[in-house]
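For reference, the structure is listed below as structure tokens.
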Amino acid sequence: MFVGHFAAAFAAKKAAPKASLGMLVLAATFLDVVWPVLVLLGVETFRIAPGVTAFSPFDFQSYPWSHSLLMTLVWSALLAWAYYRAASGDRSGAFWVGALVSSHWVLDLVSHRPDLPLYPGGAAREGLGLWDSIGGTFVVEGALFALGVALYAWTTRAKDRVGSIAWWALVVVLLALWIPGPFSPPPPGERAVAIVGIIAVLIFTPWAWWVDRHREVRPSPAVGTAGPT
Ligand SMILES: [Zn+2]
């Protein structure tokens, strides 16, 4: 999944209003932050195999440290703890940061063919294969993205023009990168994919953080002050 992970981050702002959207995006995409680094180090492997799924040409041969269920839980705990320490005790925010890291595995489980390990060294591979259908992927992931965008837009409001323009530009750029994917020629090489993946993190995390600084959580509608009780 791609925009589906961002959808989870956008939606989580309502539950974790103190956490910056940059932190939420980092959490939701964290397994894909670890993955390209391990690919470049030669620890994890994949190959570009056009047709392996209809939507994505990536054949994930081995990625137990970034994408096994067990390691996902470890990464979730680590990131939640790091956020808890850095955000001086935002307990519920830390919970949601951890939940977002874990949501990545669930969303990948939906989209990938059976290639997700349960734990390093395990033989089982899980995946429900939504990527076998281009239309199905657009419908399901697109609906998730629309929901996430709507929730963040309802939960927050722009403090200035940047808060509006940078936010909607982020939405448009993500869609512009995602929609042509299955109709584009495959990427030139595995290393290039990993490098682009790292660059994407370095762009989208600060971008989301910047958006969030220029928006504020809408005050919840006052309850019980409208008239006599
Ligand atoms: Zn992933």
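Some values worked out for this structure:
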quantity: Carbon plus sulfur fraction of accessible area for the stretch 130-173, probe 1.4 Å, in percent; calculated: 74
quantity: Helix-only CD estimate at 222 nm, as mean residue ellipticity for the chain, using -39500 (n - 2.57) per DSSP H run (n ≥ 4); calculated: -20000 deg cm²/dmol
quantity: Sequence of Arg85, Arg113, Arg218 when ordered by accessible area, the most exposed leading, probe 1.4 angstrom; calculated: Arg85, Arg218, Arg113
quantity: For the stretch 1-67, accessible area per residue (1.4 Å probe, heavy atoms of protein chains only), Å²; calculated: 33
quantity: Cleavage-rule hits (chymotrypsin sites (Phe, Trp or Tyr not before Pro)) in the stretch 121-179: DSSP loop, at most 13 neighbouring Cβ within 10 angstrom; calculated: none
quantity: Efficiency of FRET between Ile134 and Glu190 - r from beta-carbon atoms, R0 25 angstrom, step 0.05; calculated: 0.65
quantity: Accessible area (Å², 1.4 Å probe, nearest 10) - Ser56; calculated: 10
quantity: Segment Ser92-Ala200, extension gain: residue separation times 0.36 nm, minus the distance between their alpha carbons; calculated: 36.1 nm
quantity: Net +/- balance of residues flanking Leu31 in space, Cβ distance below 12 Å, scoring K and R +1, D and E -1; calculated: -3
quantity: Surface accessible to a 1.4 Å probe, Ile165 within the full protein complex, Å²; calculated: 100
quantity: Spin-label model distance (nm) - Arg218 vs Arg161, 7 Å beyond Cα toward Cβ; calculated: 2.4
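The values are calculated or read from the model by the stated rules, or taken from the named source; none is laboratory data. Please read all numbers here as calculations on a predicted model, not as lab measurements. When we count neighbours, we look across all protein chains shown, and the Cβ atoms used for this are built from the backbone with ideal geometry, even at glycine. Remember, those area values only see protein heavy atoms, side chains included, never the ligands or the DNA or RNA. Shrake-Rupley method; radii C 1.70, N 1.55, O 1.52, S 1.80 Å.
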